[in-house]
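The values are calculated or read from the model by the stated rules, or taken from the named source; none is laboratory data. Keep in mind that this is a model prediction, so the values were computed, not measured. Methodologically, a virtual Cβ is constructed for each residue, glycine included, from the backbone with ideal geometry; neighbour enumeration extends over all protein chains shown.
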C-alpha cells in the first residue's frame, strides 16, 4: 500500500495542475474608442458661445439634414472601429454639449445599446467639450468630475476641461481621463506652455490615484495636440514605454513607425493617444492591455485621396467654409482590453 503513494501523489499533482489551467477562462475582449469628431454641433445658436457658423443661417449652412448625416456617419465609424461588437466605452472631443452626444447614442444601432453619457460643460469660447459614453452592460459609473484647466499666465484664456470618470467593470475599478488640450494654432513652440498645464494636472492626479493604489487601472485618452515624443509627454507625463514612471503611452510605437491619426501638411502623426497605467498593462487578472493593444482605425472609406498629389488624409466634414460631407479631420483610435476570470 505504501508503495502506491508516490503514484497517487503524482496523479493528484497532475489533476490539480490540469484543474488550475481549466479554472481560468478568457472573456471576450472589449474595445475603448476615442474619436475627435470634428465639430459636432447642433443647429441652435447658443447665447454667449461662438457657434453662429454652425446654424442654418450661418456661413457654414449647418442644417438638420447635415447634422443627421453627421450623426449617422459617426455611428458607422464608431461601430466599425470596435470590430464585431459595439464599444464598451467611447471618449469624444469637439462636441458642443450633452445633447449632441445623447443624439449620437440614440442613432441607428447605438439606440438599442442604451449607452450612458457623462458630460460637463467646459468654458471654451466655442463651446466645445469632451464627453464619455459607456455600455451599462459592461461597466457602471461610480463618480466623475471635471478638472478645470486654468492658466496663471493668462487669466482670460479658456480651454476644455479634463473629464475624469471612475467606473466599475466587473470586479475592476477603471479610471478614465478624456482630454482635448489647447491647439497648436499659434505654432507648436508658442502654444506649448498652454499644454504643459493640463499635462501637469493629469500627472498629479494619476500620481495621487497610484499613491492610494499602486495597481490602479488608469486609461488616459484624448486629442493632446502634441505628439508622443513632445515635451508634455516625455518630460511631464513621462509616459514613454519602459520609462518606469507608472504610465505607458501605447501610441508611442505607432507614432515612431509613421502611423498617425491626423495628417498635417502631408505628415501623419499621433495627436490622438492612449496612455495606461502599470496596473492595467499586462495585468495578470481582470481587464488588461498589452503594449500592442492600441491601434488607429483607418479604413479606406474614411480617407480622402488628393487628386493632384495622391496623398491620403482623413475625409473632413468641412474644409474651411466648404462642406465636404466627410466624417472628421481625425481618425479614431481603438484600445482592446482582454479579461481572464476564474470560473
- Task: Give 259, 305, 290 a once-over and let me know the one that is closer than 30 Å to residue 54 by Cβ and touching a strand residue (DSSP E or B) at 6+ places or on another chain (Cβ under 9 Å).
- Result: 305
- Message: Could you list, ordered by first residue, the pairs with Cβ atoms under 6 Å in which the first is in segment 143-159 and within 11 Å of residue 201 (Cβ to Cβ) and the second is assigned to a loop (DSSP other than H, G, I, E, B) and at pLDDT 95 or above, at least 6 apart or interchain?
- Response: 147/161; 148/161; 149/159
- Which listed residue, of 38, 27, is out of contact with any helix residue (DSSP H, G or I) (no Cβ under 6 Å at 6 or more places or on another chain), at positive phi and part of a strand (DSSP E or B): 38
- Task: Residues that are surrounded by 13 or more Cβ atoms within 10 Å (Cβ to Cβ) and touching a helix residue (DSSP H, G or I) at 6+ places or on another chain (Cβ under 7 Å): find the strands (runs of 3 or more DSSP E) completely inside segment 107-165 holding 2 or more of those.
- Result: 116-119, 129-134
- Scan segment 297-311 for residues that are in a loop (DSSP other than H, G, I, E, B) and either exposed (fewer than 11 other Cβ atoms within 10 Å of the Cβ) or in contact (Cβ under 8 Å) with a residue 60 or more places away in the chain (or both) and jot them down. 297, 299, 306, 307, 308, 309, 310
